[in-house]
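The values are calculated or read from the model by the stated rules, or taken from the named source; none is laboratory data. Quantities reported herein were computed from a predicted structural model and do not represent experimental measurements. Because the Cβ atoms are built from the backbone with ideal geometry, glycine has one as well, and the counts that use them run over all protein chains shown.
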């Protein structure tokens, strides 16, 4: 009985301004956050944006995070055996041509491109010049011939422009691994001893197709990637989870319900919207509320052009004209007016 | 950068690259030697920056430089013989500079120097020595005693407080007309001084007084940087000062031959404020000396020609319409007219200066600070009979909360208190110069002085509660500390308002002390009330207590109508209808509607009746 009463006290009551409370609950600790603080010693590529910049990034619904990061869980033997895990890691780690090339020379008179590969790099990625040439040939439909560490590509044109274009493309070509997956590094969970990967990329669509990857737990900090792969509910969870993780990292405790409310508001329409001018605030119903926020003139002119009617149901617009706000004590109204009482016939 | 280039150093002159140097160390050494020999200017500084592979030579203006004694082969270039000559005035500072005994280093070259504090610190690597150890502090810090025992952050505060202290700022204050001046009644030289303080002779125009301070709480009245002071001490002149403010006005000439005139404005003048305002002015329109003035009183009566040329120029003939432009004492100001001066500007126009003096007896809210960055605001002025007193009947002038010491690490304050007490009982001025003596040695010295006169060696006293007469259980550290009265005083800052002026444009309350303004109920305050759900309180703040306006809304077209007082009907400017609803809106919203209308957009209000 006592427990029930306590639960009840935490329930949101009718007409409680939850949005304002969520904003204040996140905003106030936000002032204490140190801009770009605490950097962990660790893998260079796995340092994620943290603190205020990360919060801003999430809340503004940035299409790509500044530091995409995926946590890739493994299935079967790969989750325990470090060799197997490394193997999966190699399948994922993105290796671009430009990291393998030591020198690249175009011969415009013969119409060839000569590439000298770096033996050291090839060794560390466990690739042979043959494999690289095959991959290049397949990827870009080129004639490749291998000679030691040198690959010669004969073009069937002597057009300077085309050769240069091919050269640029070659340097960007992904030879092994998954495009946009970054470098995957094997990590060990200290509690369970399970092995998993962390990669500095967010191409989760392709990552989960790799054999040995646990599709159900693999996760990325790129909310939009989560949305594309798993849908809006997953994106909402990811948003709340990322917000919470960022605040936790700074040892700021904010009730999860505030963050869930923000995540809900951002994803309620079925796609992810930021809170700013191009998102929630820019899509308020009230003309005045929008005009009071940003781009005043634009909203007023559009309202005039389309004959918009402001229903005056929000907070901002009612403060603007000087009415009682429809929140808290302002949300209750008289059911019947005094003068109408006379019209009501008393029961006989 | 490739490896083979490592030995090549870039050479920069005032930030611009000049070339490369192969052997940087020799190069820098040669430049420095040339400077010491006087072959190149002493203002040249060279710095070798190994991290950046560069040599920076700076010769431009605006660098902060500091003199050091040059050390070579573990020996100071300032030999005892030279020092002897210096004492005899046979040579001077510049001689030492010219002869490579001293040199100035800038911030960059200082990075290459290894500086010893004194002869005993010199090692093989030492390149320079401080002329005096105290030179590691700035001048202001060196005028405070025992700075080496304080936290450096407190020194930064102290430097500010020193500037804000009231004192005898100039001995000709009587004939000066500073726009604002503060003058302490009984300035005292500090009992605990430093050689820097003595050196600049500021003890002849000091800016503080030696307070008897007890490190004690007083009920709850000196919590959190508040201090309690002794009312009888205040009555005897402790911290008493005068505030001078000068009002200046000029009889300006305007193009077209018009000019201002000092006189009591005629009641017909534009902006005439009523007879009482000008009642204290003399016949010439200027206030008389020693007249008491309060806010709203005119000090200098002046009429000026109208701001805009009017069409009836010359038509009136004799009495041209003039505008009142008198100098009025601002709200909250008061005092007595100290002196009045008539002068002339270079343009041969008449200038009047009126200096108003007002007494500033310490009151609750006035600010004091010791020389250790320990500031405090008076929270209570206690009658002497209620203050704690010592066995000898000494009543402290000021009670400082002991909590203000440990977290701030201002141990110099405690040391000064002890030294001040020792100096006071022994009749001696104490030298508190930084690093002159070890702290423990100093303490022993002061303890002996105190013991000689029968005081506790630690400066502690049995204090008796002035209210109950009972002794406090703990002994209380009591001593003498030099306190500055700072010029931040409530009487210059205090401001109140319940109802008052509003702005013309917005009908909202004014802001700021000068306009008797209100405190802004801002956006974040608004958010707090929304968050709490207090809708009626929010409406009261933002509408009823601010810019409430009652407007007539046309029931047909939704435009704002007006009341025609001659015909006694309400009129809608759009459709001429006269069926209206009276609605309360914020005046700001009315302006918004007007501005939208000015954009050729027709806003109309639909009323839900």
Any hit, segment A:289-302, residues being surrounded by 19 or more Cβ atoms within 10 Å (Cβ to Cβ), at the interface with chain B (Cβ under 10 Å from one of its Cβ atoms) and touching a helix residue (DSSP H, G or I) at 6+ places or on another chain (Cβ under 8 Å): yes
Cβ-Cβ under 6 Å pairs, at least 6 apart or on other chains, segment A:317-339 side more than 7 Å from every other protein chain (Cβ to nearest Cβ), far side part of a helix (DSSP H, G or I): A:317/A:288; A:317/A:289
Enumeration of residues in segment A:306-316 that are at the interface with chain B (Cβ under 9 Å from one of its Cβ atoms) and free of Cβ contacts under 8 Å to residues at least 24 places away in the same chain: A:309
Set B:92, B:73: member being free of Cβ contacts under 8 Å to residues at least 12 places away in the same chain and closer than 28 Å to residue B:124 by Cβ: B:73
Hits in segment B:516-561 - residues which are outside any loop (DSSP other than H, G, I, E, B), away from every other protein chain (no Cβ under 12 Å) and under 25 Å from residue B:608 (Cα atoms): B:552, B:554, B:560, B:561
Segment A:6-27 residues that are at positive phi and surrounded by 10 or more Cβ atoms within 10 Å (Cβ to Cβ), paired with ones that are at pLDDT 85 or above and not in a helix (DSSP H, G or I) (beta carbon under 7 Å, 6 or more apart): A:15/A:327; A:15/B:533
Pick from segment B:81-113, criterion part of a loop (DSSP other than H, G, I, E, B) and in contact with a strand residue (DSSP E or B) (Cβ under 7 Å, 6 or more places away or on another chain), ranking: modelled with the lowest pLDDT: B:100
Residue satisfying all of: in segment B:349-408; outside the structural domain of residue B:188 (by TED's automatic domain parsing) and more than 28 Å from the chain's Cα centre (by Cα); farthest from residue B:175 (Cα to Cα) among these: B:349
All positions within segment B:593-609 that are in contact with a strand residue (DSSP E or B) (Cβ under 9 Å, 6 or more places away or on another chain), assigned to a helix (DSSP H, G or I) and either facing chain A (nearest Cβ under 8 Å) or closer than 20 Å to residue A:311 by Cβ (or both): B:593
Filter pass, residue B:590 being within 14 Å of chain A (Cβ to nearest Cβ), within 17 Å of residue B:603 (Cα to Cα) and either surrounded by 14 or more Cβ atoms within 10 Å (Cβ to Cβ) or in contact with a helix residue (DSSP H, G or I) (Cβ under 8 Å, 6 or more places away or on another chain) (or both): yes
Selection within segment B:116-152 - touching a helix residue (DSSP H, G or I) at 6+ places or on another chain (Cβ under 8 Å) and not in a helix (DSSP H, G or I): B:117, B:118, B:129, B:130, B:137, B:138, B:143, B:144, B:145, B:146, B:150, B:151
Strands (runs of 3 or more DSSP E) wholly inside segment B:1-73 containing at least 2 residues that are modelled with pLDDT under 90 and touching a strand residue (DSSP E or B) at 6+ places or on another chain (Cβ under 9 Å): B:9-13, B:16-21
For residue A:238: the one exception among (1) at pLDDT 80 or above; (2) part of a loop (DSSP other than H, G, I, E, B); (3) touching a strand residue (DSSP E or B) at 6+ places or on another chain (Cβ under 8 Å): (2)
Qualifying residue in segment B:4-16 (condition: surrounded by 12 or more Cβ atoms within 10 Å (Cβ to Cβ) and within 14 Å of residue B:110 (Cα to Cα)): no
Selected residue (criterion: surrounded by the most Cβ atoms within 10 Å (Cβ to Cβ)) from residues of segment A:193-206 that are touching a helix residue (DSSP H, G or I) at 6+ places or on another chain (Cβ under 6 Å) and assigned to a helix (DSSP H, G or I): A:204
Residue count, segment B:344-370 (criterion: in a loop (DSSP other than H, G, I, E, B) and either over 27 Å from residue B:160 (Cβ atoms) or touching a strand residue (DSSP E or B) at 6+ places or on another chain (Cβ under 8 Å) (or both)): 10
Extreme residue, farthest from the chain's Cα centre (by Cα), among residues of segment B:559-601 that are in contact (Cβ under 8 Å) with a residue 24 or more places away in the chain and more than 17 Å from residue A:320 (Cβ to Cβ): B:579
Some residue of segment A:312-335 being more than 25 Å from residue B:586 (Cβ to Cβ), over 34 Å from the mean Cα position of the chain (by Cα) and at pLDDT below 90: yes
Conditions (1) assigned to a helix (DSSP H, G or I); (2) surrounded by fewer than 23 Cβ atoms within 10 Å (Cβ to Cβ): number failed by residue B:446: (2)
Condition check for residue B:121: assigned by TED's automatic domain parsing to the domain that holds residue B:37, modelled with pLDDT under 90 and over 30 Å from residue B:233 (Cβ atoms): yes
Matching residues, segment A:234-273, being within 14 Å of the chain's Cα centre (by Cα), closer than 21 Å to residue A:290 by Cβ and surrounded by fewer than 17 Cβ atoms within 10 Å (Cβ to Cβ): A:271
Any pair with Cβ under 8 angstrom, 6 or more apart, that starts in segment B:259-275 at a residue that is within 28 Å of residue B:344 (Cβ to Cβ) and ends at one that is part of a helix (DSSP H, G or I): B:264/B:278; B:265/B:278
In segment A:103-118, the residues that are in contact with a strand residue (DSSP E or B) (Cβ under 6 Å, 6 or more places away or on another chain) and either surrounded by 13 or more Cβ atoms within 10 Å (Cβ to Cβ) or outside the structural domain of residue A:142 (by TED's automatic domain parsing) (or both): A:104, A:106, A:112, A:113, A:114, A:115, A:116, A:118
